[in-house]
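Participant: One structure, pasted below without further comment.
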Amino acid sequence: MKQTLTGRYCLHQMAYWASAAGVISFASAFLLEKGFAPSQVGILLASGNFLSCGLQPLLADRADRAGGSILIRLTAGLTLLCMACFGTIQLLPLPQWLFGVLFLLGIFTFDAMMPLMNSISVSYNRSGRAINYGLCRGIGSLAFSMAALVIGKVMARFGGDWMIWIVVALLAVNVAIILGYPALDQAGVEKKQQECCSLGVFIRRYRWYCVSLLGVMLLAMFHAMTENYFIEIMRRLGGDSGSVGVALFVATLVEIPVMVYFDRVRKHISDHWLLKWAGLSFLLKSILLMAAPSVTAIYFIEILQMTSYAFLSPTQLYYANGKIAQADMVKGQAFITASYTLGCALGNLAGGQLLQFFGVTTMLAWGIVMAAAGTLILFLTVDRKDAFMACS
């Protein structure tokens, strides 16, 4: 029997998402602490996301043509580069512009790992080495929740520098985990190289799939804007970074059972309807955030995470696999991850500008518009089948 890699992949997800609690959820608080204006924070975070969006399809095209083992090398290399960027800003006294550039590169490389990490799961499952993606992703969320709780308390008491050191340590652990994966079977690589398409052909071949990704992008805009500027939402109601940590802990705690038992959920609800329910949940959350009267109310609103992000995140992997031919699998994963990352970039950029010039209330109002538009697009597109897949 070929070995089961669920344990190692669980560790991979744990290390990645624990570090994401710092890199994603507390990045704006850290940069604000370092003297960056809200609009500058938005530009920095958005620029890192934009760069990642451009890189992800290119890395995926390389992986599709080269075969499975390149996934391991690329993921390990990006993790090392991310660790070097964050480590450097802590070790060296840097002018603010260079500090910002290195932080941007750290965000850029961190985001670029995600589609490769998802594709590792798909590749090993197809080679006969079982990985329970839903279970691993759920445990990753548990790691995120615990890390968010700890990092929020640490930042409130000791400042953001400690957050960065925690992230660097977790990235180092992740490198060791990634390098421990066994080699992927390279059989059929030459045939795969001949079958996979270029990026331009991919867009024409999977038109409805690409249009549906606009809905994913808009939901990501709302999610990223509220997550990255959560500290300002909390301050509006009298909270602090510790309150942010508690809210994130609640959100990730309720999403864990959904992700752990996601394979069972998919037996009763199709991937298309899971995406639709995710959109509706994000829309409801956007409305409730606008109306929230207190920090305690925010904690209860975060319970919607179990049908919003907890549906959207793992469904992306399965939705892409159902819409994309095997030869283009890594590109399919990269496109849906890139659309989510692009949404995060636009959400960060828009959130920073709206927050600085118009305030939290206006930012939350635009969040409702983003969530509503994204949900509408998903309802109109996810059931459509591309002609290429209908004929294949």
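Participant: Where does helix 96-126 land angle-wise versus the long Cα axis of the chain, in degrees 0 to 90, nearest 10?
Facilitator: 40
Participant: Rounded if a/c is under 1.5, else prolate if a/b is larger than b/c, else oblate: which is the range 235-332, with a ≥ b ≥ c the root eigenvalues of its Cα gyration tensor?
Facilitator: The shape class here is prolate.
Participant: Hey, another quick one. Rounding to the nearest 10 and keeping the result within 0 to 90°, find how far the Cα-based axis of helix 69-91 lies from the longest principal axis of the chain.
Facilitator: Here the helix axis deviates by roughly 20 degrees.
Participant: From the list (i) 20.9; (ii) 22.3; (iii) 25.5, can you say which value of Kirkwood radius over Cα pairs in Å was derived from the structure given?
Facilitator: (i)
Participant: Sticking with this one: Within 10 Å, at most 15 other Cβ atoms, and a DSSP state outside H, G, I, E, B define an exposed site. Report the longest part of the chain free of exposed chymotrypsin sites (Phe, Trp or Tyr not before Pro).
Facilitator: 1-260
Participant: Using alpha carbons only, how many degrees (0 to 90, rounded to 10) separate the axis of helix 133-158 from the longest principal axis of the chain?
Facilitator: 20
Participant: Please find, in a Gaussian network model of the chain (springs between Cα atoms separated by less than 10 Å), the residue of PRO115, PRO95, PRO257 whose mean-square fluctuation is greatest.
Facilitator: Residue with maximal mean-square fluctuation among PRO115, PRO95, PRO257: PRO95.
Participant: Next question, about the same structure. What is the range 120-163 by shape, rounded, prolate or oblate, if you read a ≥ b ≥ c off the alpha carbon gyration tensor as root eigenvalues and call it rounded for a/c under 1.5, prolate for a/b larger than b/c, and oblate otherwise?
Facilitator: Prolate, because a/c is 1.5 or more and a/b exceeds b/c.
Participant: Quick check for the chain: number of Lys pairs with alpha-carbon distance under 17 Å, counting only pairs 8 or more apart or on different chains?
Facilitator: Eligible lysine pairs with Cα atoms under 17 Å apart amount to 8.
Participant: For the chain, what is the mean residue ellipticity at 222 nm derived from helices alone (per DSSP H run of n ≥ 4: -39500 (n - 2.57); sum divided by total residues; nearest 500 deg cm²/dmol)?
Facilitator: Calculated at 222 nm, the ellipticity per residue is -27500 deg cm²/dmol.
No value in this document is a laboratory result; all are computed from the given coordinates. Computed from a predicted structure; not experimentally measured. Cβ coordinates were reconstructed from backbone atoms using ideal geometry, including for glycine residues, and neighbour counts include every protein chain displayed.
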